[in-house]
Amino acid sequence: MKRVQSYVISVVAVGLVSAFLIGKTVSGDAVKTMERSESAASVVALQSGHTGIYGGARPLAPYSPGVDAGETVYLSGQVGINPETGSLHDGVEAQARQALENLHKLLTEAGLSKSHVVRATVYLDDIENYGALNAVYGDFFEEVNVKPSRSTVGVAALPIGAAVEIDFIAVK
């Protein structure tokens, strides 16, 4: 029980702290500022041993876009925001493509590929878009032999009016 509580506290700490430390590295008690361009990704190492992964679109709230927890990498839900313009694409297919590209950038930053993804969760604001989502999702994972397990959930609404949000769990 202690290990689970410690992990939950660490994940919450990663989410809260990392939102304020984008562009900084935390190692022990020392904080060193890293230079970073708008398009460059950064990684924030925390005392817990977990590593925050940053790249692609900026988070919409105080959380880490990704957390490397050793053998497992957790990637937060991504919507179809273009990281260069900050704007949401129109339509479920364009949003799904961009969300998957944002996740791919995070995977790459973690040193992983699509074949490392073992679990995906997809949230749709209209379950009628299931077919359109599947077409884009299928193209994304086309070259992967073992496709990740997946759940698709219809929801009432998503942040910033997005039509789709996708998250991944990957194993090294």
Pull up segment 72-108, narrow it to residues that are part of a strand (DSSP E or B) and hydroxyl-bearing (Ser, Thr, Tyr), then point me to the one that is nearest to Gly56 (Cα to Cα). Ser76
Looking only at segment 87-125, filter to residues that are within 17 Å of Glu71 (Cβ to Cβ) and of a type in the set (Ser, Thr, Tyr); which one of those is surrounded by the fewest Cβ atoms within 10 Å (Cβ to Cβ)? Ser113
Mind checking which residues of segment 133-160 are closer than 13 Å to Ala99 by Cβ and among the hydrophobic types (A, V, I, L, M, F, W, C)? Leu133, Val136, Phe140, Leu158, Ile160
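Could you check, for segment 81-102, whether at least one of its residues is at pLDDT 80 or above, of a type in the set (Ser, Thr, Tyr) and either out of contact with any Phe, Trp or Tyr (no Cβ under 9 Å at 6 or more places or on another chain) or more than 16 Å from Ile169 (Cβ to Cβ) (or both)?
Looking for residues that are at pLDDT 80 or above, of a type in the set (Ser, Thr, Tyr) and either out of contact with any Phe, Trp or Tyr (no Cβ under 9 Å at 6 or more places or on another chain) or more than 16 Å from Ile169 (Cβ to Cβ) (or both), one finds at least one in segment 81-102, hence yes.
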Out of the residues in segment 73-86 that are within 17 Å of Asp167 (Cα to Cα) and of a type in the set (S, T, N, Q), state the one that is surrounded by the most Cβ atoms within 10 Å (Cβ to Cβ). Gln78
Search segment 46-72 for residues that are within 22 Å of Ile160 (Cβ to Cβ) and buried (at least 16 other Cβ atoms within 10 Å of the Cβ) and pair each with any residue that is at pLDDT 80 or above and basic (Lys, Arg) when their beta-carbon atoms are under 7 Å apart and the residues are at least 6 apart or on different chains. Gly55/Lys105; Gly56/Lys105
Suppose we filter Ala132, Ala170 for residues that are among the small types (Gly, Ala, Ser), in contact with a helix residue (DSSP H, G or I) (Cβ under 7 Å, 6 or more places away or on another chain) and under 13 Å from Gly91 (Cα atoms); which single one remains? Ala132
Which of the residues that make up segment 109-167 are touching a residue at least 60 places away in the same chain (Cβ under 8 Å), outside any loop (DSSP other than H, G, I, E, B) and either more than 20 Å from Gly55 (Cβ to Cβ) or touching a Pro at 6+ places or on another chain (Cβ under 7 Å) (or both)? Gly161
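The values are calculated or read from the model by the stated rules, or taken from the named source; none is laboratory data. The model shown is predicted, which means the values in this text are computed figures rather than measured ones. Don't worry about glycine lacking a Cβ; one is built from the backbone with ideal geometry, like all the others, and counts go over all protein chains shown.
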